[in-house]
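Novice: Below is one structure. I have some questions about it.
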Amino acid sequence: MGLEDVGFGMKSTRHVGACGTVEASGKRLRLAVLLAIFLLYGVANSINHLLIHQFMKVFTINRVRASWLQPAYYFGYVSAAIPTAIMVKRCGTRLALQSGLAGLAFASVLIILAASSAHFFFLLPPIFLLAVSVSALESTASPYVLTSATGARGAQRLCLAQSLNSVGMVLGATLGTFAIFSADEPLSGGDAFAQVHRACLPFAAFIVVSVVLLSLSTRERFPGAVSSRVGQADSVFEPLRSRRFRLVLATGFVYMATQICTWSFLLQYLRAYGVASDRKAGIFYIATLLLFALGRFLQTYVFRSATSLRLLFAAAVLGGLCEMVAIVHPGIVGGVALALSGLFLSVMYPLLFVVGVCSIGSQAQASGSWMVCSLLAGGIVPPLMARLVQASGSYGVGYIIPCAGFVWIAAAAVLLRARRSTVIGGRSAGNEGLAMAHTSNSD
């Protein structure tokens with residue numbers, strides 16, 4: 001599979017003359033900007049999980065108070081998804097991407113200023129704005145890539161883009177582990193102040209990268225993708241009329257709760273059961289994300305022959321077994337099991353995204369934005385898990401929540417497979433290939 005197969009809305013042709021050279025150069029630039037955006041918001045999402053543990057130390061706050069970062073981040077994420085779909089419809093893809101990049105740079109500046117104030121709750125508004133910006137990027141880029149071609153090629157392109165997003169998550173985890181976490185523990189007052197500024201290093205990088213991508217995006221057009229046009233003004237709510245899509249959306253919510261809880265509590269779980277330092281615990285987190293990225297890359301190359309709902313069911317069962325090991329055998333064995341769960345978590349969201357979006361067809365942008373809304377789980381479930389951990393005095397007991405999430409996903413895969421022929425009517429000729437790819441991949 002070469003670049004011509006995953007060109008994100010670009011056909012591979014031979015160009016002759018100056019106009020052809022300019023067109024080919026523009027396509028390469030568009031590809032580079034899109035890939036960089038997927039990498040960028042992957043880094044932003046993974047850094048968020050590490051900040052909770054770091055701010056618990058430097059602001060001397062408990063797990064429940066620190067977990068307020070999650071609602072601030074994920075409520076911001078959800079609040080931007082549907083407005084972004086409307087913006088793409090009215091103003092186009094490029095403006096939506098540029099708004100996300102500009103917002104990311106501005107939010108990063110505010111986070112650096114708020115961290116310097118030494119008041120934890122001052123960080124929440126800029127974290128909210130950061131999430132709004134990252135959501136705008138994801139809500140625009142993912143449906144654009146999926147609908148850049150009909151049939152299985154669009155799904156395969158999305159898997160590749162999500163693989164690069166996973167690489168960004170690995171980079172973010174690595175940066176957070178070795179740049180944010182100190183080798184010396186515990187922290188004194190002066191060390192804590194220094195650690196706050198070290199936690200701001202990734203946000204300084206976000207400013208630079210966002211400005212560069214914003215500059216590059218002004219030089220390139222993002223033409224409308226196949227089947228991406230939204231018709232009537234109220235069409236943003238059209239996907240919710242489909243029972244199948246509502247089930248996929250609910251399962252996406254459960255998936256996000258499962259993933260976010262598994263990762264957000266991993267460092268505290270390992271520290272509570274004997275891992276010696278934050279950096280060693282961070283290595284487990286990096287291993288989780290490496291397995292997550294590996295799963296995404298494998299999924300990219302087998303997607304045409306993979307039976308998606310069977311794959312979703314198998315991944316849910318195996319992921320649930322990993323969570324059960326973490327509950328029954330807390331410690332290094334449980335930590336390894338939680339790291340291994342990253343491999344099984346990796347394949348789920350692209351499958352749910354494709355199944356949900358393809359079942360709607362012409363409402364790709366709207367349904368894609370609704371799928372991004374599933375991150376609302378990140379603002380609701382982690383605080384509940386934090387309270388369960390606090391009440392039980394055991395991080396192992398807390399992992400009952402993500403274990404139950406895997407059970408739901410397995411049951412949903414069975415139900416979706418039973419209803420696989422139920423796709424809302426009114427397919428246009430341009431959407432038929434996309435919907436048929438969904439049906440063939442769900443058998």
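Novice: Test residue 290 against the criterion of being of a type in the set (A, V, I, L, M, F, W, C) and either closer than 19 Å to residue 402 by Cβ or touching a strand residue (DSSP E or B) at 6+ places or on another chain (Cβ under 7 Å) (or both), and give yes or no.
Specialist: no
Novice: Now a separate question. Checking residue 337 against (1) crowded, with 24+ Cβ neighbours inside 10 Å; (2) more than 19 Å from the chain's Cα centre (by Cα), which test does it fail?
Specialist: (1)
Novice: Is it fair to say residue 84 is closer than 21 Å to residue 378 by Cβ and either of a type in the set (Ser, Thr, Tyr) or in contact with a His (Cβ under 9 Å, 6 or more places away or on another chain) (or both)?
Specialist: In short, yes.
Novice: Also, I was wondering about something else. Would you check if residue 193 is of a type in the set (Phe, Trp, Tyr), more than 14 Å from residue 100 (Cα to Cα) and at pLDDT below 75?
Specialist: Spelling it out, residue 193 is indeed of a type in the set (Phe, Trp, Tyr), more than 14 Å from residue 100 (Cα to Cα) and at pLDDT below 75.
Novice: Right, something else. Let me confirm something: among 317, 372, 354, which residue is in contact with a His (Cβ under 9 Å, 6 or more places away or on another chain), touching a residue at least 60 places away in the same chain (Cβ under 8 Å) and more than 22 Å from residue 272 (Cβ to Cβ)?
Specialist: Numbers: 317 fails: in contact with a His (Cβ under 9 Å, 6 or more places away or on another chain); 372 fails: in contact with a His (Cβ under 9 Å, 6 or more places away or on another chain).
When all the criteria are applied, what remains is 354.
Novice: Tell me the residue from 374, 362, 367 that is out of contact with any Phe, Trp or Tyr (no Cβ under 7 Å at 6 or more places or on another chain), closer than 25 Å to residue 156 by Cβ and modelled with pLDDT under 90, please.
Specialist: The unique qualifying residue is 362.
Novice: Determine, yes or no, whether residue 376 is closer than 26 Å to residue 93 by Cα, surrounded by fewer than 24 Cβ atoms within 10 Å (Cβ to Cβ) and of a type outside the set (Asp, Glu).
Specialist: Yes: the conditions hold for residue 376.
Novice: Something else now. Would you mind stating whether residue 343 is closer than 21 Å to residue 253 by Cβ, assigned to a helix (DSSP H, G or I) and either among the charged types (D, E, K, R) or touching a residue at least 12 places away in the same chain (Cβ under 8 Å) (or both)?
Specialist: Details: closer than 21 Å to residue 253 by Cβ: no; assigned to a helix (DSSP H, G or I): yes; either among the charged types (D, E, K, R) or touching a residue at least 12 places away in the same chain (Cβ under 8 Å) (or both): yes.
So residue 343 does not fit the description; no.
Novice: Being among the aliphatic types (A, V, I, L, M) and over 20 Å from residue 48 (Cα atoms) is the filter here; which residues of the range 238-262 pass it?
Specialist: Scanning the range 238-262 gives 240, 247, 248, 249, 250.
Novice: When residue 47 is evaluated against the numbered criteria (1) in a helix (DSSP H, G or I); (2) at pLDDT below 80; (3) more than 27 Å from residue 370 (Cα to Cα), which criterion, by number, is the only one it fails?
Specialist: So residue 47 meets the others, but not (3).
Novice: Would you say residue 350 is in a helix (DSSP H, G or I), of a type outside the set (D, E, K, R) and surrounded by fewer than 24 Cβ atoms within 10 Å (Cβ to Cβ)?
Specialist: So residue 350 does not fit the description; no.
Novice: Checking residue 219 against (1) farther than 28 Å from residue 385 by Cα; (2) at pLDDT 85 or above; (3) basic (Lys, Arg); (4) exposed (fewer than 15 other Cβ atoms within 10 Å of the Cβ): exactly one of these is not met. Which one?
Specialist: (2)
Novice: Test each condition in (1) among the aliphatic types (A, V, I, L, M); (2) in contact (Cβ under 8 Å) with a residue 40 or more places away in the chain; (3) more than 21 Å from residue 414 (Cβ to Cβ) for residue 384 and report the one that comes out false.
Specialist: In the conditions (1) among the aliphatic types (A, V, I, L, M); (2) in contact (Cβ under 8 Å) with a residue 40 or more places away in the chain; (3) more than 21 Å from residue 414 (Cβ to Cβ), residue 384 misses (2) alone.
Novice: Here is a further query. When you scan the range 92-102, do you find a residue that is at pLDDT below 80 and either aliphatic (A, V, I, L, M) or not in a helix (DSSP H, G or I) (or both), even just one? Walk me through it before giving the result.
Specialist: Of the residues in the range 92-102, the ones at pLDDT below 80 are none.
Within the range 92-102, none of the residues are at pLDDT below 80 and either aliphatic (A, V, I, L, M) or not in a helix (DSSP H, G or I) (or both).
Novice: From (1) of a type in the set (A, V, I, L, M); (2) modelled with pLDDT under 85; (3) within 29 Å of residue 69 (Cβ to Cβ), pick out the condition that doesn't hold for residue 436.
Specialist: (3)
Novice: So how many residues does the range 135-156 have that are assigned to a helix (DSSP H, G or I) and modelled with pLDDT under 75?
Specialist: 6
The values are calculated or read from the model by the stated rules, or taken from the named source; none is laboratory data. All values derive from a computational prediction rather than experimental measurement. Heads up, the Cβs are rebuilt from the backbone with ideal geometry, glycines too, and the neighbour counts pull from every protein chain shown.
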